[in-house]
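First up is the structure itself, then whatever we jot down about it.
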Amino acid sequence: MDEPLAASLLLSREMPGGLARLDRASALHRIRAGAYVPRSEWEVLEPWRRYALRVQAVARTWTSPVFCLESAAVLQSLPVFGEPREIHLLSPDGKTWREGDVHVHGWNDARMLTTTGSLTLTAIEDTATDLCRVLPPAFGLAVADAALRSLGSAGIGLDLAARARSHANRRGLRQVDWVQARATAAAESPGESVSRAVIEWLGYDEPELQHEFHYEGVVDRSDFYWRSTRTIGESDGYGKYDADDPKTMKAQFVREKTREDRLRRYERGFARWDWADALRPASLDAKLRAAGLISSRLHQNAMLRTLASNPRSFAGRTQGNAANHRSKASGSR
């Protein structure tokens, strides 16, 4: 969780007099008992950042919490989709219970623990495995891809299937196997990961990831490339042009447009889509077909329907929202 966001959190026990006056004036939004944030900041936060503040509020008002599932993920910069309904903690005594939006899990299987700053949470390996059991499969794939990128940078591998089978809980094993067979560190954002799943379910051939092109003395990389039809796919909409400085944003946009024009001069097809397209299969399908791709297999409609909602997040706060995006640099990449 980024420090500026955590710094916005105000505790009534630390500011008893002034905080009460501000609350009466409706200048603060109450996250939970004793924890507030300036209302003006809360109202403009993306759903996953709201969730991060809710997690931080529990961290600062509960005694020695151990975070798991989405709550661990948001602290580890793994993808979190929309605003999850609950804060997830591990039970110290093996008992499962709830208090408000806090769900304490009494799992009997041991989890590896780690720390982030002063907070204790499940290690990335267990966070990813636990989430792959319960999230919609495309979202689970995004978590696994991100976990592989994080662990790979430290020279650590990840066998989700073996880790899941080491636990007594058999829930979601087939889904974990599905994710394990497809997870890769080469997908560089949640959008790319979800798009890979949708492309498969729409019946298209598997694309190459991060293919390099050497044209006009420049090396460019594409998110997706279908060599057989010389078609490029680009997954956008995850913060690529989110610079604070308008001049910087404009320069990034111009570089990206120059890059796209260069690639279009040499390749046959070019498809560009955003997060909303990835979650609407018909829209992504139309863009891929317009770029010259032809699906070679029947649609996997049951899998495509899993994109419609994420029961673990509030309704209406998942579509178009994925946390902790890693956007590539614009221009040559």
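The values are calculated or read from the model by the stated rules, or taken from the named source; none is laboratory data. This is a predicted model, so every value here is computed, not measured. Note that each Cβ is placed from the backbone with ideal geometry, even for glycine, and that neighbours are counted across all protein chains shown.
Observations on the model:
- Matching option when the condition is farther than 30 Å from A181 by Cβ and in contact (Cβ under 8 Å) with a residue 60 or more places away in the chain, among L119, L75: L119
- For first residues located in region 41-59 and modelled with pLDDT of 95 or more, partners that are hydroxyl-bearing (S, T, Y) and lie 6+ apart or on another chain with Cβ distances below 6 Å form the pairs V55/S71.
- Scope region 131-140; condition part of a helix (DSSP H, G or I) and buried (at least 24 other Cβ atoms within 10 Å of the Cβ); matching residues: L131, C132, A138, F139, G140
- There is at least one residue in region 118-136 that is in the same structural domain as E86 (by TED's automatic domain parsing), small (G, A, S) and farther than 12 Å from A73 by Cα.
- Filter result (in contact (Cβ under 8 Å) with a residue 60 or more places away in the chain and either within 12 Å of D126 (Cα to Cα) or in contact with a helix residue (DSSP H, G or I) (Cβ under 8 Å, 6 or more places away or on another chain) (or both)) within region 168-183: N169
So that you can scan it fast, the table gives a plain yes or no per residue for (1) part of a strand (DSSP E or B); (2) in contact with a helix residue (DSSP H, G or I) (Cβ under 8 Å, 6 or more places away or on another chain); (3) at pLDDT 95 or above:
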residue: V104; (1), (2), (3): yes, no, yes
residue: A110; (1), (2), (3): no, no, no
residue: T115; (1), (2), (3): yes, no, yes
residue: D126; (1), (2), (3): no, yes, yes
residue: T129; (1), (2), (3): no, yes, yes
residue: A142; (1), (2), (3): no, yes, yes
residue: D145; (1), (2), (3): no, yes, yes
residue: G155; (1), (2), (3): no, no, no
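- Residues of region 57-90 that are buried (at least 24 other Cβ atoms within 10 Å of the Cβ) and of a type in the set (D, E): E70 alone.
- Filtering region 84-93 to residues that are of a type outside the set (V, I, T) and not in a loop (DSSP other than H, G, I, E, B) leaves P84, H88, L89, L90.
- Restricting region 157-182 to residues that are among the aliphatic types (A, V, I, L, M) and assigned to a loop (DSSP other than H, G, I, E, B) leaves a set whose member that is farthest from L209 (Cα to Cα) is A168.
- Of all residues in region 184-202, those being buried (at least 24 other Cβ atoms within 10 Å of the Cβ) and either acidic (D, E) or without any contact (Cβ under 8 Å) to a residue 12 or more places away in the chain (or both) number 1.
Residue-wise test of (1) at pLDDT below 85; (2) more than 30 Å from L307 (Cα to Cα).
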residue: E234; (1), (2): no, no
residue: G237; (1), (2): yes, no
residue: K240; (1), (2): yes, no
residue: L263; (1), (2): no, yes
residue: Y266; (1), (2): no, yes
residue: A276; (1), (2): no, no
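- The single condition among (1) in a loop (DSSP other than H, G, I, E, B); (2) closer than 22 Å to A52 by Cα that A185 does not meet is (2).
- Region 37-94, residues that are acidic (D, E) and farther than 19 Å from A147 by Cβ: E41, E43, E46, E83, E86, D93
- Any chance D177 is surrounded by fewer than 17 Cβ atoms within 10 Å (Cβ to Cβ) and within 20 Å of the chain's Cα centre (by Cα): yes
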